[in-house]
Amino acid sequence: MADPGSAPAPSAPASAPEDVLRVEHIAKRFGPVTALQDVNLHLKKGEVLGLLGDNGAGKSTLIKIISGFQRADAGRMFLHGQPYEPKSVDDARAKGIDTVYQDLALIDELSVYHNMFLRRERVRRPLPLLNNREMKSEARRALDGIGINIPRIDVAVARLSGGQRQAIAVARTVNSASDIILLDEPLAAMGVKEGAQILDLVARLKEEGNVSIIMILHNYVQVFEACDRVNMIQEGRIALDKPTSETSVEEITNIVVDEYRRAREEEHAANTRATENAGGTEDVPSAS
């Protein structure tokens, strides 16, 4: 239950014809831990939505629910106006939603091009043999399209840098022809140059207007550079939903600072109560 003194939780955003994805009143618990309480989110066609929040705020949990990796305990979702209840990641992918997770979901021992087509392998017909030539050709085009320099695509990904591995995961998702792409901290393992190339790719996709994107980011400057709108999760709810043109780094920073201040005050109050309770039960030394 929400603190009576806290600000009222935002209601579900009004429905709009251009929404390709709607999330309404989503909740998720892991035992005694509440990850999401009442999340309402919407995504328009061709829009890039930045998803912010402190560590443990529930951002990745929300992405995993949308992608079919986890199921919500409550709430509902709509995809292109129709009820959306993904049974698995493959089911979500078949419906047009693909994801790049923080752990990238790459297999170190496989080559670059085999990872690019993991679970989507090209096969020859009628014999079910891998069409390595076609996969190599498509993987090279996809990586060159992003602008990431990976000289050899036949080497194991274990030999590549963190940024190169991230680029492979992003390129694989973009190459899947999905309607909605979910990026869970896509720039976390990248250097400045590689990160800029991924942001350039996002900008190009946004300009084309065919793909909608949700990005988890921690760098507020990148949010304002790449995103049309920003959502911030606090205490398992969307606490901020604004176009980036109507907010600022300062406003978002102030919201985060206020959250930290409130959390410290609550911790101090709890410690004070604990100390007072302990003091009331201390043993009194007996007179000698």
Result of the Cβ filter at 6 Å on region 159-171, keeping first residues that are without any contact (Cβ under 8 Å) to a residue 60 or more places away in the chain and partners that are buried (at least 21 other Cβ atoms within 10 Å of the Cβ) and of a type in the set (Lys, Arg), at least 6 apart or interchain, is none
Val89 meets each of (1) touching a Gly at 6+ places or on another chain (Cβ under 7 Å); (2) within 24 Å of Ala226 (Cβ to Cβ) with one exception, condition (2)
| said: open to solvent by less than 10 Å² (accessible area, probe 1.4 Å) and among the charged types (D, E, K, R): is that true of Asp73 in this structure? | reply: no
Of the listed residues (Ile150, Ile168), the one being closer than 21 Å to Glu109 by Cβ and in a loop (DSSP other than H, G, I, E, B) is Ile150
Being on the phi > 0 side of the Ramachandran plot and open to solvent by 30 Å² or more (accessible area, probe 1.4 Å) narrows Gly58, Gly53, Gly31 down to just Gly31
Filtering region 82-133 down to residues that are under 30 Å from Leu62 (Cβ atoms) and hydroxyl-bearing (Ser, Thr, Tyr) yields Tyr84, Ser88, Thr99, Tyr101
Checked region 52-72 for anything more than 12 Å from Gly236 (Cα to Cα) and small (Gly, Ala, Ser); matches are Ser67, Gly68, Ala72
Q: Could you tell me whether region 174-186 includes any residue that is open to solvent by less than 30 Å² (accessible area, probe 1.4 Å) and among the acidic types (Asp, Glu)?
A: yes
Does region 145-158 include one or more residues that are out of contact with any Gly (no Cβ under 8 Å at 6 or more places or on another chain), in contact (Cβ under 8 Å) with a residue 12 or more places away in the chain and polar (S, T, N, Q)?
-> no
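The values are calculated or read from the model by the stated rules, or taken from the named source; none is laboratory data. Note that this is a predicted model, so its numbers are computed, not measured. As a convention, Cβ positions derive from the backbone with ideal geometry for all residues, glycine included, and neighbour counts pool all protein chains shown. Side chains included, ligands, DNA and RNA excluded: accessible areas come from the protein's heavy atoms. Shrake-Rupley method; radii C 1.70, N 1.55, O 1.52, S 1.80 Å.
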